[in-house]
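So the structure is just underneath, and the comments pick up after that.
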Amino acid sequence: MINDFSQRLIVQEVAPRDGLQIEPQWVETADKIALIDQLSLAGFSRIEAGSFVSPKAIPALRDGDEVFRGIQRQPGVIYVALIPNLKGAERAIAAGADELNLVMSASQTHNLANMRMRCEQSLAAFGDVVSLARGTTLSLNASIATTFGCPFEGKISEDRVMQIVDAYQELGVDGISLADTTGMANPRQVYQLVQRVLSQVPASRLTLHFHNTRGLGLSNVLAAYEAGARRFDASLGGLGGCPFAPGASGNICTEDLVNLCEEMGIATGIDLPHLLAMSRRLPTLLGHEMPGQVAKAGRNCDLHPAPDDVMNLL
Ligand code: COA
Ligand code: ZN
């Protein structure tokens, strides 16, 4: 059981990228900018604000350039852009991203479905991105999608993940993310793998990215936290999913994660009432209900008046 709550848990908000990339309804550029600007006031130190991928692959985020140029940057917030290749890196740098998130899957099949490339081609492209970033202030994070299982290939071995961690370290990236793209991870698996990765990568450079596809998202967060992980991706309202993974569904929900941390006494620095107010506006923006639960139930401390007949008995 977790016995050290003293260490802050860092939440990277990914709704503007992972959240919006799968939304069928077009979200206006101004609305994306407003969403990011509001998130910037919630206390996050990191926001993944968009991606620079083929507009044919992800039409919902084709306006990444305008979005990055339009946001009001808050000091202390790192604005991250997901990229698949050198072209994406060049676009993201031109638009002013602070950090690039390079993504490749552990599974060859998912990488072909998602990136139309074999893993070796992705790694070669990342080498070019590292050269491009050398000598700039840009930081680089590299993600391993389908770390905990692939919807096409099934189980992914720990050794395969460690090979990619080594390859990323050799490239010289600043951070590594382990992504459970379609919610196939379980807490025991997470605990073991995170312990192993932390023997190679300091906790300050490791991020865990969970989806709640099978209801295990927050359990996996706790298992990873217990193993020593301190950085987690989460998405407002529980939005999100990869359009190139069958059955994909939302990320772990940011306000549910922050609520969990508050209840357990783990600091996040995030303003939960602000997030809840934002999350409650998402159905109007996107035209459907959100999977997140605390926005519907309220916080534990949001009490209700006792029924009249019970009041009479008090
Ligand atoms: N940004 C914008 N356009 C890009 C691009 C980028 N980063 N990379 C390639 N393109 C364009 C090319 O210029 C070319 O345009 P054209 O048809 O007008 O000439 C077209 O896309 C095809 O280029 P190609 O290199 O052959 O790409 P592809 O069709 O093999 O697709 C990717 C490869 C990586 C670009 C594409 O699969 C992709 O963007 N995947 C990302 C998917 C994603 O974001 N998933 C969720 C997040 S993990
Ligand atoms: Zn994801």
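Structure notes:
- Cα convex hull, the stretch 10-311: 133 Å³ per residue, rounded to a whole number.
- Looking at the chain alone, DSSP beta bridges between its own residues are antiparallel in about 5 percent of cases.
- Per residue accessible area in Å² of the stretch 10-311, where ligands, DNA and RNA are left out and the probe is 1.4 Å: 41
- Between P273, L285, A295, the Cα set farthest toward the positive side of the dipole of the stretch 236-314 (charges on each charged residue's Cβ, about the Cα centre) is that of L285.
- Difference of contour (0.36 nm per residue) and Cα-Cα distance, K155 to A124: 8.7 nm
- The chain - charge dipole about Cα centre, Lys and Arg +1 at Cβ, Asp and Glu -1, debye rounded to 20: 620
- Cα-based helix-to-principal-axis angle, 158-171 vs the chain, degrees rounded to 10: 60
- Sulfur and carbon atoms: percent of accessible area, the chain [1.4 Å]: 52
- Angle between the chain longest axis and helix 29-40 axis [Cα atoms, degrees, rounded to 10]: 70
- Taking Cα atoms only, the orientation of helix 254-264 departs from the longest principal axis of the chain by about 60 degrees.
- Judged by the mean number of other Cβ atoms found within 10 Å, the most tightly packed of the peptides 234-242, 221-229 leads the ranking 234-242, 221-229.
The values are calculated or read from the model by the stated rules, or taken from the named source; none is laboratory data. Since the structure is predicted, the reported quantities are computational estimates derived from the model, not experimental observations. A quick note on method: Cβ atoms are made from the backbone with ideal geometry, for glycine too, and the neighbour counts reach across all protein chains shown. To get the accessible areas, we keep the full protein, side chains included, count just its heavy atoms, and leave off ligands, DNA and RNA. Shrake-Rupley method; radii C 1.70, N 1.55, O 1.52, S 1.80 Å.
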